[in-house]
1. How big is D, in µm² s⁻¹, for region 44-124 by Stokes-Einstein at 20 °C and 1.002 mPa s if Rh is the Kirkwood radius over C-alpha pairs?
2. Tally up the carbon and sulfur contribution to the accessible surface of region 97-177 as a whole percent, 1.4 Å probe, everything protein left in place.
3. Name the most mobile residue of Ile149, Ile65, Ile108, meaning the one with the largest mean-square fluctuation, in a Gaussian network model of the chain with Cα contacts below 10 Å.
4. Which of Ser12, Ser175, Ser95 ends up with the largest GNM mean-square fluctuation for the chain, with Cα atoms connected below 10 Å?
5. Share of Cα-Cα pairs in region 49-187 beyond 18 Å, in percent?
6. Gaussian network model of the chain, Cα springs within a sub-10 Å range: biggest mean-square fluctuation belongs to which of Lys122, Lys152, Lys51?
7. Filter the chymotrypsin sites (Phe, Trp or Tyr not before Pro) in region 105-186 to those in DSSP coil with at most 14 other Cβ atoms within 10 Å of their Cβ, and list the result.
8. Which Cα, out of Tyr174, Ile58, Pro109, lies furthest along the positive dipole direction of region 55-187 (beta carbon charges, K/R +1, D/E -1)?
Amino acid sequence: MKMKKILIYGLSNMYGGVEAFILNYVNHLPENKYTVELIVMNRTPQYLGEKLKREVKIHYVPERIKNPLGYNCRVNEIVKKGNYDILWCNFCTLSDITWLKAAKKYGIPVRIAHSHNSGQDKNWKYLVKRYYMKKIPTYATDFVACSNIAGKWMFGEAPFKVLHNAIDVGKYRYSLDVAQKVRRQFD
(Lines give C-alpha, C1' and ligand atoms only; values in the text may rest on other atoms or scores of the structure.)
Protein backbone atom coordinates (compact mmCIF):
# COMPACT_ATOMS: atom_id res chain seq x y z
CA MET A 1 0.00 0.00 0.00
CA LYS A 2 1.28 3.45 -0.94
CA MET A 3 2.02 5.85 1.92
CA LYS A 4 -0.55 8.64 2.13
CA LYS A 5 0.77 12.17 2.41
CA ILE A 6 -1.30 14.49 4.64
CA LEU A 7 -1.01 18.27 4.96
CA ILE A 8 -2.68 19.64 8.11
CA TYR A 9 -3.80 23.23 8.65
CA GLY A 10 -5.15 24.59 11.94
CA LEU A 11 -2.36 24.82 14.49
CA SER A 12 -1.93 28.15 16.26
CA ASN A 13 1.06 29.28 18.30
CA MET A 14 -0.88 28.73 21.54
CA TYR A 15 -1.64 25.19 22.75
CA GLY A 16 -5.37 24.71 23.14
CA GLY A 17 -8.16 22.28 22.34
CA VAL A 18 -7.77 22.23 18.56
CA GLU A 19 -4.00 21.82 18.83
CA ALA A 20 -4.42 18.95 21.33
CA PHE A 21 -6.96 17.32 19.03
CA ILE A 22 -4.75 17.56 15.92
CA LEU A 23 -1.62 16.32 17.68
CA ASN A 24 -3.44 13.42 19.34
CA TYR A 25 -4.54 12.22 15.91
CA VAL A 26 -1.15 12.87 14.33
CA ASN A 27 0.60 10.92 17.09
CA HIS A 28 -1.70 7.94 16.56
CA LEU A 29 -1.57 7.75 12.76
CA PRO A 30 0.48 4.70 11.71
CA GLU A 31 3.89 5.95 10.58
CA ASN A 32 4.15 3.18 7.99
CA LYS A 33 0.94 4.40 6.29
CA TYR A 34 0.98 8.20 6.65
CA THR A 35 3.51 10.96 6.12
CA VAL A 36 2.38 14.09 7.96
CA GLU A 37 3.24 17.72 7.23
CA LEU A 38 2.03 20.60 9.41
CA ILE A 39 1.41 24.27 8.67
CA VAL A 40 2.35 26.90 11.26
CA MET A 41 2.48 30.68 11.26
CA ASN A 42 5.97 32.25 11.23
CA ARG A 43 7.67 29.99 13.80
CA THR A 44 7.48 26.58 15.43
CA PRO A 45 5.14 26.68 18.44
CA GLN A 46 6.92 25.86 21.72
CA TYR A 47 4.48 23.08 22.58
CA LEU A 48 5.36 20.98 19.51
CA GLY A 49 8.62 19.71 21.04
CA GLU A 50 6.73 18.29 24.00
CA LYS A 51 3.45 17.19 22.40
CA LEU A 52 4.53 15.84 19.00
CA LYS A 53 5.68 12.21 19.19
CA ARG A 54 6.67 11.57 15.56
CA GLU A 55 8.70 13.08 12.76
CA VAL A 56 6.83 15.60 10.64
CA LYS A 57 7.78 18.27 8.14
CA ILE A 58 6.77 21.78 9.16
CA HIS A 59 5.83 24.51 6.68
CA TYR A 60 5.98 28.14 7.75
CA VAL A 61 3.60 30.74 6.37
CA PRO A 62 3.34 34.44 7.10
CA GLU A 63 0.28 35.68 8.97
CA ARG A 64 -2.57 36.25 6.54
CA ILE A 65 -3.70 39.51 8.14
CA LYS A 66 -0.21 41.07 8.24
CA ASN A 67 0.97 39.82 4.83
CA PRO A 68 -1.95 38.64 2.66
CA LEU A 69 0.04 38.50 -0.59
CA GLY A 70 2.93 36.59 1.02
CA TYR A 71 0.45 34.25 2.71
CA ASN A 72 -1.38 33.49 -0.53
CA CYS A 73 1.86 32.93 -2.46
CA ARG A 74 3.22 30.59 0.23
CA VAL A 75 -0.03 28.60 0.41
CA ASN A 76 0.01 28.03 -3.33
CA GLU A 77 3.72 27.16 -3.31
CA ILE A 78 3.32 24.53 -0.58
CA VAL A 79 0.23 22.92 -2.10
CA LYS A 80 1.53 22.97 -5.68
CA LYS A 81 4.85 21.30 -4.81
CA GLY A 82 3.62 18.93 -2.10
CA ASN A 83 2.00 16.08 -4.06
CA TYR A 84 -0.45 15.52 -1.18
CA ASP A 85 -3.17 12.89 -0.98
CA ILE A 86 -5.09 14.68 1.78
CA LEU A 87 -5.51 18.24 3.03
CA TRP A 88 -7.10 18.43 6.48
CA CYS A 89 -8.21 21.98 7.39
CA ASN A 90 -9.21 22.53 11.01
CA PHE A 91 -11.35 25.64 11.47
CA CYS A 92 -12.54 27.46 14.57
CA THR A 93 -13.91 30.20 12.38
CA LEU A 94 -14.52 30.13 8.68
CA SER A 95 -12.69 33.30 7.74
CA ASP A 96 -10.15 31.74 5.36
CA ILE A 97 -10.53 28.91 2.87
CA THR A 98 -7.34 29.67 0.92
CA TRP A 99 -5.90 26.21 1.64
CA LEU A 100 -9.01 24.45 0.33
CA LYS A 101 -9.04 26.59 -2.82
CA ALA A 102 -5.37 25.84 -3.51
CA ALA A 103 -5.90 22.14 -2.82
CA LYS A 104 -8.67 21.94 -5.38
CA LYS A 105 -6.67 24.00 -7.89
CA TYR A 106 -3.65 21.67 -7.62
CA GLY A 107 -5.60 18.41 -7.53
CA ILE A 108 -5.42 17.15 -3.95
CA PRO A 109 -8.08 14.41 -4.10
CA VAL A 110 -9.23 14.51 -0.45
CA ARG A 111 -9.92 17.98 0.99
CA ILE A 112 -11.35 17.88 4.51
CA ALA A 113 -13.07 20.85 6.18
CA HIS A 114 -13.26 20.24 9.93
CA SER A 115 -15.40 22.45 12.19
CA HIS A 116 -14.21 22.91 15.79
CA ASN A 117 -16.70 25.63 16.75
CA SER A 118 -20.43 25.96 17.23
CA GLY A 119 -21.01 29.68 16.92
CA GLN A 120 -19.71 33.11 16.14
CA ASP A 121 -20.76 36.59 17.14
CA LYS A 122 -23.01 38.18 14.57
CA ASN A 123 -20.68 40.98 13.51
CA TRP A 124 -19.00 41.75 10.19
CA LYS A 125 -16.93 38.56 10.52
CA TYR A 126 -20.15 36.58 10.56
CA LEU A 127 -20.89 37.88 7.06
CA VAL A 128 -17.54 36.51 5.86
CA LYS A 129 -18.32 33.17 7.53
CA ARG A 130 -21.74 33.01 5.83
CA TYR A 131 -20.09 33.70 2.46
CA TYR A 132 -17.49 30.95 2.95
CA MET A 133 -20.10 28.57 4.33
CA LYS A 134 -21.79 28.72 0.93
CA LYS A 135 -18.46 28.32 -0.91
CA ILE A 136 -16.95 25.50 1.13
CA PRO A 137 -18.75 22.66 -0.73
CA THR A 138 -17.11 23.92 -3.93
CA TYR A 139 -13.65 23.22 -2.50
CA ALA A 140 -13.94 20.54 0.22
CA THR A 141 -14.67 16.89 -0.52
CA ASP A 142 -15.35 15.86 3.07
CA PHE A 143 -17.04 17.59 6.00
CA VAL A 144 -16.14 16.76 9.61
CA ALA A 145 -17.10 18.34 12.93
CA CYS A 146 -16.33 17.87 16.62
CA SER A 147 -20.08 17.73 17.35
CA ASN A 148 -23.45 17.89 15.62
CA ILE A 149 -23.84 21.53 16.67
CA ALA A 150 -20.42 22.46 15.23
CA GLY A 151 -21.23 20.66 11.98
CA LYS A 152 -24.59 22.36 11.55
CA TRP A 153 -23.06 25.74 12.41
CA MET A 154 -20.37 25.51 9.74
CA PHE A 155 -21.88 23.27 7.06
CA GLY A 156 -25.59 23.94 7.38
CA GLU A 157 -27.50 21.14 5.70
CA ALA A 158 -24.47 19.56 3.99
CA PRO A 159 -23.84 16.04 5.31
CA PHE A 160 -20.91 15.74 7.72
CA LYS A 161 -19.34 13.20 10.06
CA VAL A 162 -18.66 13.74 13.75
CA LEU A 163 -15.04 12.93 14.62
CA HIS A 164 -14.49 12.47 18.34
CA ASN A 165 -11.37 13.55 20.22
CA ALA A 166 -8.42 11.15 20.14
CA ILE A 167 -7.62 10.76 23.80
CA ASP A 168 -5.22 8.11 25.06
CA VAL A 169 -7.52 6.64 27.72
CA GLY A 170 -4.72 4.37 28.92
CA LYS A 171 -3.16 7.39 30.64
CA TYR A 172 -6.27 7.64 32.85
CA ARG A 173 -6.77 3.93 33.60
CA TYR A 174 -6.96 3.10 37.30
CA SER A 175 -3.69 1.88 38.82
CA LEU A 176 -3.56 0.61 42.39
CA ASP A 177 0.17 1.45 42.60
CA VAL A 178 -0.41 5.06 41.52
CA ALA A 179 -3.41 5.41 43.84
CA GLN A 180 -1.40 4.15 46.83
CA LYS A 181 1.53 6.43 45.99
CA VAL A 182 -0.76 9.50 45.81
CA ARG A 183 -2.49 8.52 49.06
CA ARG A 184 0.89 8.23 50.82
CA GLN A 185 2.06 11.52 49.32
CA PHE A 186 -1.00 13.45 50.53
CA ASP A 187 -1.59 11.42 53.71
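1. 148 µm²/s
2. 54 percent
3. Ile65
4. With Cα springs under 10 Å in the chain, the top fluctuation among Ser12, Ser175, Ser95 is at Ser175.
5. 66 percent
6. Of Lys122, Lys152, Lys51, the Gaussian network model singles out Lys122 as fluctuating most.
7. Answer in residue order: Tyr174, Phe186.
8. Positive-end residue among those listed: Pro109.
The values are calculated or read from the model by the stated rules, or taken from the named source; none is laboratory data. Please read all numbers here as calculations on a predicted model, not as lab measurements. Don't worry about glycine lacking a Cβ; one is built from the backbone with ideal geometry, like all the others, and counts go over all protein chains shown. Please note that ligands, DNA and RNA were not included when accessible areas were found on the heavy atoms of the full protein model with its side chains. Shrake-Rupley method; radii C 1.70, N 1.55, O 1.52, S 1.80 Å.
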